[in-house]
1. Taking 7 Å along the Cα-to-C-beta vector as the label spot, tell me the residue 286-residue 51 distance in nanometres, rounded to one decimal.
2. Taking the Cα centre of the stretch 183-469 as origin, sum charge times position over the Cβ atoms of Lys and Arg (+1) and Asp and Glu (-1), and report the length of that vector in debye to the nearest 20.
3. Tell me the relative contact order for the stretch 183-469 as a rounded percent, counting alpha carbon contacts under 8 Å between residues six or more apart.
4. So how far, in whole Å, is the C-alpha centre of the stretch 223-259 from the one of the stretch 260-287?
5. Which net charge results when you count Lys and Arg as +1 and Asp and Glu as -1 among the other residues whose beta-carbon is under 10 Å from that of residue 484?
6. HN-Hα J couplings of the stretch 361-366 from phi, Karplus 6.51/-1.76/1.60, θ = phi - 60°, integer Hz, Gly and Pro as x?
7. If you place +1 on the Cβ of every Lys and Arg and -1 on the Cβ of every Asp and Glu, how big does the dipole about the Cα centre of the stretch 255-298 come out, in debye to the nearest 20?
8. I'd like to know which of 335, 67, 211 lies farthest towards the positive end of the charge dipole of the chain, counting +1 on Cβ of Lys and Arg and -1 on Cβ of Asp and Glu.
Amino acid sequence: MTRHRVRRLVALLVVLLPLLVFVTASVAAQDFGEPEPGRHVYDRAGVLSPSEIAELEQRALAVEQAGAPVVVYLRARDATFEETVNDARALMDDWDIQSTPGARDGLVIFFNLEPGNLEHGDFAIVAGEAHARGGVLDQDQLDRISDQMLELLRDGRIAEGIATGLDAVARTLTVGPPPPSELERAMSDFAKIPLNIIALVLAAGMGLFAIRRWRSRPATIAPIVPTTQAPADLPPALAGALVRGRIEDAQLEATILDLARRGALAIEPAGRKRVQIRLLDSSLIEHPFERAVWDALTAEAADGGLVPSDRLRRVRGRWEAARAALRAELEARGWFDPAARARRRPLYLAGLAGIVLAFLALLPVLVGQQPWGVIGVALLGGTGIMAIALAAGLPETTREGEAAAAPWGGYLAGLEAARRDPNLELNLDQVVPYAVAMQAGGALDKRLKEASERGYAPAWLGRTLGAEAWEGGFYPYWAAFHASVSPATGGGTAASSGSAASGGSF
């Protein structure tokens, strides 16, 4: 073959290749076949008799005359309901089922029947945006029509099911949806005004009750004076509980750091960004809650008193005894009220009542399709959520506890001030366990990263290793420890554009 002929062959291939791609794509796109002018029913599965098709054509013509170009398409294919909806929309687009470009007023009833059992399958009814947005064939109406069809389809009466759907669509397009029932009208009337009035009264009563319960909590008038020096030699867990007004896992995490600072244990690297805890000297334990934390660590420790990295997350599941011991000490000091949890109970009950009433109020709103009733639902639900939030935030501290918490509140304020002012000096060896116990560790995050880069070795990780052992600085390992023992807190012109769909399996 001469070079000239080769060039001509290459040029011919360059011309034919786009044409080949176009033809292949066109064949793939025409999976449904070609539409025929004036035809509405396409039975590719062969389940309808000629007389049934003729009757359905007449009913489909009535739908088209009512304002919705329609196609009924049946084929044998395994598919889910979601795939059937997508097939219906694809047919609407491929065959451009709409009166004019951009009208989006078409309707498709699409069936994917089981190849081995043509009496069963999935169907979808899709209405163009013009009908869906106008409310004539919106989601509610399509659901109503598809429910009527499914009653017949599940009995194997496919032709009757299609006829029922076409008649319902034609009637809806011609005279509108059927009038609401007596029950729906009653629910609508109730949800419009009476429901909102009742909800307002109930929400106001629950809200006043919740606020009064909140205001009845013990309080102190002791001033909060910001400081960056710990006001007393109090264990971090006790200080954190006083400031927070409740027992939290962060206070037990802080206890581990404090035990490490005192030499009772050490937190060590165990591979890249992983840590382990080495138990060293239980004689340094001073409080029952510290003993309970130590026991939780011991229960997960391997030989040699080493808690490996993969067991650290399980330690938190053993902290119930430590929480109880911490609460017992706070109550013994007169700082926590033993009846505090009982004080929260009425607020929780009020909140639960509000949420239950909101769900009950939602019933007439949905049945009566009355959007004004959402105001009452929101009032009841919002008040219930507020009551639960106030219950969760109600502190367990007594008046004496609030007075004892005041200087530690100043310490917390000082730590927050240090976040904004890098010139304020902080003793990181002392402050970190307290910051963790008071849920203020984020205020020190930037300082800890900078100290890590400088080669600082924290006392609250223990003294068994020097700074050189923390590859890349201690901060990634500190973050790994914290994550292990702290809970996580945490329009085009296409015919089907904007369409609504319903249907189901039968």
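1. Label at residue 286, label at residue 51, 9.8 nm between them.
2. Details: 35 positive and 30 negative charges, 158 e Å.
Magnitude of the dipole: close to 760 debye.
3. Values: 442 pairs, mean separation 99.7, N = 287.
Relative contact order here is 35 percent.
4. 20 Å
5. Its environment carries a net charge of +3.
6. Working through the residues one at a time gives 5, 5, 4, x, 5, 6 Hz.
7. Details: 7 positive and 6 negative charges, 72 e Å.
Using Cβ point charges on Lys, Arg, Asp and Glu, the stretch 255-298 gives about 340 debye.
8. So the residue we want is 335.
Read-outs: derived from the displayed coordinates by stated rules, not from any lab. Values in this document were obtained by computation on a predicted structure and should not be read as measured data. Don't worry about glycine lacking a Cβ; one is built from the backbone with ideal geometry, like all the others, and counts go over all protein chains shown.
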